[in-house]
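To keep things clear, I will list the structure first and then write my remarks on it.
The values are calculated or read from the model by the stated rules, or taken from the named source; none is laboratory data. Since the model is a prediction, treat every value here as computed from it, not as a measurement. Positions of Cβ are generated from backbone atoms using ideal geometry, with glycine treated the same way; all protein chains shown enter the neighbour counts. The area values use the complete protein model at the heavy-atom level, side chains included, leaving out ligands, DNA and RNA. Shrake-Rupley method; radii C 1.70, N 1.55, O 1.52, S 1.80 Å.
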Amino acid sequence: MAYRALSEQEAVQYVKQLPDLFAAEAELTSREIGDGNLNLVFHIREEATGKSVVVKQALPYARVVGESWPLTLDRARIESEALRIQHKYVPDLVPEVYHFDEELALTVMEDVSDHVIMRKGLIAGNRYPLFAKQIGRFLAHTLFYTSDLGAHPYDKKALVGRFINPELCKITEDLVFTDPYEDAPTNSFNPLIRREVEAIWNNKPLKLEIAKLKYEFLTRAEALVHGDLHTGSIFISPTSIKVIDPEFAYYGPIGFDIGAVIANLLLNYAGQHGLQPDTGKREAYREYLLATVEDVWNEFVSQFVQLWHKQAKERSAHTEGFWQSYVQRLIRDAAGFAGCKILRRVIGLAGVADLNSIADDQTRAEAERLALAIGQALILERNGVEVSTDITDIVRTVTAR
Ligand code: SR1
Ligand code: MG
């Protein structure tokens with residue numbers, strides 16, 4: 001079938017003709033529920049049995065901007081292949097793909113809507129004590145097994161080829177590493193923070209460090225990274241997480257995914273200024289977020305190093321001192337990438353609800369200033385970071401200023 005964007009009813013007809021999902025006579029409801037920046041997402045449910053699936057279809061343009069921003073449909077292939085690979089390594093943490101249609105740029109997958117989007121859960125002030133362990137395992141396993149440490153050298157090179165993702169990488173290159181640091185037309189920020197934003201545009205040492213981080217993103221084909229691992233890409237419940245949306249997946253630096261998780265916890269930390277008016281509760285929730293930042297890194301590193309010792313096929317990996325220096329670089333990369341991802345959400349296109357939902361412009365500006373200060377400090381001070389508490393110490397110091 002030649003490509004066309006499906007309607008809700010056409011999505012029903014589509015899943016009905018697939019084998020093994022629904023009976024031909026099944027009565028299905030269909031709702032388009034996509035609230036992301038790029039795609040259509042249909043939730044399809046059979047009321048009689050409660051069985052449901054999700055159909056995700058790429059549009060030939062970026063939904064957030066419209067048809068004036070054409071965007072490759074190949075991102076649907078990238079996403080479905082990445083989901084299948086990640087599901088192989090951590091089946092409980094990633095939705096199962098039932099079917100992929102290259103022509104329609106469409107994936108039919110497990111419905112995980114019994115979970116909530118983590119960003120919404122954090123904005124509501126919920127706590128998820130199992131999150132760090134779960135995301136630490138997701139990161140350690142998906143990144144280790146697709147890297148030169150855990151994959152056969154031929155398989156790794158073949159994967160690099162399958163995940164050449166130039167158009168989506170270019171979005172990240174522009175929106176995360178370039179536009180926010182100059183007066184670019186894509187930028188969109190609160191006019192009340194113009195002075196702080198202009199100071200960033202004029203901060204040469206900061207821009208040099210961001211240039212180095214961008215170069216890492218451009219060149220370090222280290223592992224199959226998710227590529228957009230913010231809290232809107234994580235469905236969560238009190239007991240489980242499901243990582244979705246890897247359409248930005250490509251072979252990139254491991255620290256980019258870890259940094260994305262840390263950045264989004266810290267964006268919520270900054271947003272607490274407007275989200276939680278009770279200062280006692282705000283402080284307590286911020287402590288929870290900082291403890292989660294530490295736990296995410298600690299869980300990742302403990303599981304990654306365990307895999308390294310038990311599973312690394314690459315002989316050089318067992319050279320004395322190598323894993324320690326590798327892990328030290330990773331935490332510094334993660335801190336730097338986290339900083340860029342915080343700055344882009346305040347200055348650039350595509351903000352986050354943790355800040356944007358603060359109704360009062362002045363209060364939002366105060367939260368945004370804190371986010372900008374944290375982001376800059378993480379970038380500039382990353383080379384002194386050794387352990388996870390060094391990251392949270394930076395955040396505490398900046399907050400106390
Ligand atoms: C035009 S896409 C804007 C942003 O949405 C995605 O979630 C990525 O973060 C991208 O940078
Ligand atoms: Mg997304």
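For Cα pairs less than 8 Å apart in space and 6+ apart in sequence, what is the mean separation divided by the residue count of the chain, i.e. the relative contact order in percent?
17 percent
Leaving out ligands, DNA and RNA, what percent of the accessible area of the chain is carbon and sulfur, probe 1.4 Å?
C and S atoms contribute 52 percent here.
Taking the Cα centre of the chain as the origin and placing charges on Cβ (Lys, Arg +1; Asp, Glu -1), which of PRO91, ALA48, TYR14 is farthest toward the positive end of the dipole?
Looking along the dipole axis, the top candidate is PRO91.
Which whole-Hz couplings ³J(HN,Hα) result when phi for each residue of region 72-88 is put into the Karplus expression 6.51 cos²θ - 1.76 cosθ + 1.60, θ = phi - 60°, listed in order with x for Gly and Pro?
Calculated HN-Hα couplings, in order: 4, 6, 4, 4, 5, 5, 4, 5, 5, 5, 5, 4, 5, 5, 5, 4, 4 Hz.
By a straight-distance test (C-alpha under 23 Å), which lysines pair with LYS341 as possible cross-link partners, with residues fewer than eight away in the same chain excluded?
Counting by Cα, and skipping residues close in sequence, LYS341 has these lysines nearby: LYS120, LYS133, LYS170, LYS204, LYS207, LYS212, LYS214, LYS242.
Counting Lys and Arg as +1 and Asp and Glu as -1, what is the net charge of the other residues whose Cβ lies under 11 Å from the Cβ of ALA76?
Taking every other residue near ALA76 into account, the sum is -4.
Taking the Cα centre of region 8-110 as origin, work out the dipole magnitude from +1 charges on Lys and Arg Cβ and -1 charges on Asp and Glu Cβ, in debye rounded to 20.
It comes to approximately 260 debye.
Would you mind calculating the relative contact order of region 82-195 from Cα pairs under 8 angstrom and at least 6 residues apart, reporting the percent as a whole number?
Value for region 82-195: 16 percent.
Could you give the distance between the Cα centres of region 180-246 and region 307-369, to the whole Å?
Region 180-246 and region 307-369 have Cα centres separated by 9 Å.
Give the Debye-formula value of log10 I(q)/I(0) at each listed q (0.18, 0.20 Å⁻¹), with one equal scatterer per alpha carbon of region 8-110, two decimals each.
Once normalised to I(0) and log-transformed, intensities are -0.90, -1.06.
Tell me which residues come under 5 Å, amide H to amide H, from ASN37 once H is placed; ignore anything under 5 positions away on its chain.
Those qualifying (amide H under 5 Å, at least 5 residues apart or on another chain) number zero.
Roughly how big is the chain's charge dipole about its Cα centre, with Cβ charges of +1 (Lys, Arg) and -1 (Asp, Glu), in debye to the nearest 20?
940 debye
Arranged from highest to lowest average of other beta-carbon atoms within 10 Å per residue, in what order do the peptides 66-78, 358-370, 310-322 appear?
Put in order of decreasing packing, that is 358-370, 66-78, 310-322.
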